[in-house]
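The values are calculated or read from the model by the stated rules, or taken from the named source; none is laboratory data. All values reported here derive from a predicted model rather than from experimental measurement. A quick note on method: Cβ atoms are made from the backbone with ideal geometry, for glycine too, and the neighbour counts reach across all protein chains shown. Please note that ligands, DNA and RNA were not included when accessible areas were found on the heavy atoms of the full protein model with its side chains. Shrake-Rupley method; radii C 1.70, N 1.55, O 1.52, S 1.80 Å.
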Amino acid sequence: MRKVLVGALMQESNSFSPRPSVWSDFHAVTGMDMLDRIAATPVFAAAGIEMVPTLYAYSVPGGILREDSYLRFKKQMLDCISDDAALDGVWLYLHGALEVERIGSGEADLVRAIRQKVGVNVPIAVALDFHANNTQVLMDNANIVYGYRTAPHTDETETQQNTARLLIRCMEEGLLPRPVMVRPPLLFPGEMATTGIEPLLSLMREVARAELTEGILCASFFDGMAWVDAPNSMASLVVVEERGMARAEKEAKRLAGLFWNVREQFRFEEETAQPEEAVRMAVAEPEEPVFITDSGDNVTAGAPGDSAYFLQLLMENPPDRVLVAGIAGRRGMEACQQVSVGGAVSFDIGGEMDPDGVVIPLNGFLKWKGKIPDKSGERNTEAAVVEVKGIQVIITAERCAFVTPESIESAGVRITDYKIVIVKQGYLYDALRRVSRRSIMAFTPGSACQDLSRFSYKKLMRPVFPLDKDFNWDVPE
Ligand SMILES: [Zn+2]
């Protein structure tokens, strides 16, 4: 029976977040239980392949990962590869924009270490997020590199499974392909690069079409992750050919040229506005609910999620029936633990993780308290709903990304009771789009601020569009 080592380590980093990520931010599962967390399991099982489990570790996006925390995960994975493992393949599900303190790209370091352990003749297949900041080290050590085709992401399962199928093909046909990467100097915030609209709608079709070229195994476009200050933060095209690299190189260059040529057409899919204007637009909108995203403090892009900037703005002139979902604040949670539902509660909210974040005093009433699941749905966090000046605010002990109606409503509220819902996202997640009548992205300050020129990048390769505009780039010969 053939044997495949499987593992997953997923976190998107934001190097502008003041709060580093640590081991305990992850939900980690080891042993056979991890096989239930990855979508490749049924594909390998159906092919009669034995899986050697290592680790599944997932965290909501956050600040750069502490070196010791990363090394602990790396060791956990490597320790599962015994010297007599006799592996036929390695399948990994990684984010691609994991930035580790002092190490840099976590994916590059991890895949290189696994390669050293398994040797050059075992194919390694890596499934990645659309926002991966790829490296040549990763290309040199993996045989298959395959990414999501959608943003907002809806094809996580498919991508994992396709990557597993490609690995099986490599094993069956004795292929050891070498991925080819071409990087056009583009780096868009994720909100400017969504696949439901042009130019990406057509470009992603072109990427899919490249896979129909004889001899090409797979082709992917990666938007990159703009809030990581690293030399590898940039868009990339990755094409993998069965044998050799000539056709892959030709396709990757051709695609990179197509992306570069339409760079001026990238734009925000969501309606956008300055924060005050976003509130005015939502109030004037006859349909409801209207979702406003507090994009600068976007938890799903790694921002702390503890800024009270938007709440402060709302409190100046509170609109009717508005829900803020949510703000991370341990001080607030501790205050809420001391009172019963209906009681008065006072605490400072904001700026617990971000020293530059807005902090405001909040004097309100406790409406609800309990536990809610975090984004992974794997763990619970303490939460409370506090009403202040008619505004309802979900407070959470941990950083929380409210990306589904169920996650919001787990805090004892009903979305249909509100006219306006504020969430800490950039583009509105798909499940929320389905229940919203209108969504407006507010340009708020924070570590995921949409105006990249506000950040002082030190390691990023320049020039890169749209941060830099007046330069030319020719597809490499
Ligand atoms: Zn992503």
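Observations on the model:
- The set of residues in the stretch 218-229 that are of a type in the set (A, V, I, L, M, F, W, C) and closer than 15 Å to residue 447 by Cβ comprises 225, 226, 227, 228.
- Some residue of the stretch 30-43 being within 16 Å of the ligand (Cβ to nearest atom) and of a type in the set (S, T, N, Q): no
- Filter pass, residue 97 being of a type outside the set (S, T, N, Q) and more than 16 Å from the ligand (Cβ to nearest atom): no
- Counting only helices (runs of 4 or more DSSP H) that fall entirely inside the stretch 58-159 and contain at least 2 residues that are of a type in the set (Lys, Arg) and either open to solvent by 10 Å² or more (accessible area, probe 1.4 Å) or over 20 Å from residue 232 (Cβ atoms) (or both), the qualifying elements are 67-78, 106-118.
- Test for residue 461: is it of a type outside the set (Phe, Trp, Tyr), at pLDDT 95 or above, outside the structural domain of residue 231 (by TED's automatic domain parsing) and out of contact with any helix residue (DSSP H, G or I) (no Cβ under 9 Å at 6 or more places or on another chain): yes
- Checking each residue in the stretch 150-184 for being within 20 Å of residue 6 (Cα to Cα) and either polar (S, T, N, Q) or within 16 Å of the ligand (Cβ to nearest atom) (or both) picks out 155, 156, 157, 158, 159, 160, 161, 162, 163.
- Matching entry among 408, 391, 360 (being open to solvent by less than 20 Å² (accessible area, probe 1.4 Å) and under 26 Å from the mean Cα position of the chain (by Cα)): 408
- For residue 457, the test of being in a loop (DSSP other than H, G, I, E, B), more than 23 Å from residue 283 (Cβ to Cβ) and hydroxyl-bearing (Ser, Thr, Tyr) is passed.
- Qualifying residue in the stretch 364-379 (condition: over 18 Å from residue 299 (Cα atoms) and in a loop (DSSP other than H, G, I, E, B)): no
- Residue match in the stretch 189-201 (condition: over 19 Å from the mean Cα position of the chain (by Cα), part of a helix (DSSP H, G or I) and more than 16 Å from the ligand (Cβ to nearest atom)): yes
Rundown of residues vs (1) within 16 Å of the ligand (Cβ to nearest atom); (2) of a type in the set (Phe, Trp, Tyr), yes/no style:
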{"residue": "58", "(1), (2)": "yes, yes"}
{"residue": "76", "(1), (2)": "no, no"}
{"residue": "86", "(1), (2)": "no, no"}
{"residue": "107", "(1), (2)": "yes, no"}
{"residue": "112", "(1), (2)": "no, no"}
{"residue": "127", "(1), (2)": "yes, no"}
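- Qualifying residue in the stretch 312-334 (condition: free of Cβ contacts under 8 Å to residues at least 12 places away in the same chain, part of a helix (DSSP H, G or I) and open to solvent by 30 Å² or more (accessible area, probe 1.4 Å)): yes
- Candidates are the residues of the stretch 1-34 that are polar (S, T, N, Q) and not in a helix (DSSP H, G or I); the one that is nearest to residue 47 (Cα to Cα) is 30.
- When residue 252 is tested against the conditions (1) part of a loop (DSSP other than H, G, I, E, B); (2) open to solvent by less than 50 Å² (accessible area, probe 1.4 Å), the lone failure is (1).
- Checking residue 221 against (1) within 16 Å of the ligand (Cβ to nearest atom); (2) farther than 16 Å from residue 139 by Cβ; (3) at pLDDT 95 or above, the condition it does not meet: (2)
- Which listed residue is closer than 20 Å to residue 181 by Cα and touching a Cys at 6+ places or on another chain (Cβ under 8 Å), from 207, 239: 239
- Leading residue by the ranking (modelled with the lowest pLDDT) among those in the stretch 367-388 that are open to solvent by less than 20 Å² (accessible area, probe 1.4 Å) and touching a Ser or Thr at 6+ places or on another chain (Cβ under 7 Å): 381
- A single member of 277, 285, 242 is modelled with pLDDT of 95 or more, touching a strand residue (DSSP E or B) at 6+ places or on another chain (Cβ under 7 Å), open to solvent by 10 Å² or more (accessible area, probe 1.4 Å) and in the same structural domain as residue 428 (by TED's automatic domain parsing), and it is 285.
- Complete set of residues in the stretch 289-311 that are under 18 Å from residue 428 (Cβ atoms), among the hydrophobic types (A, V, I, L, M, F, W, C) and assigned to a helix (DSSP H, G or I): 299, 301, 310
- Where a residue in the stretch 54-68 is free of Cβ contacts under 8 Å to residues at least 40 places away in the same chain and its partner, wherever it lies, is crowded, with 24+ Cβ neighbours inside 10 Å, with Cβ under 7 Å and at least six apart: 67/100
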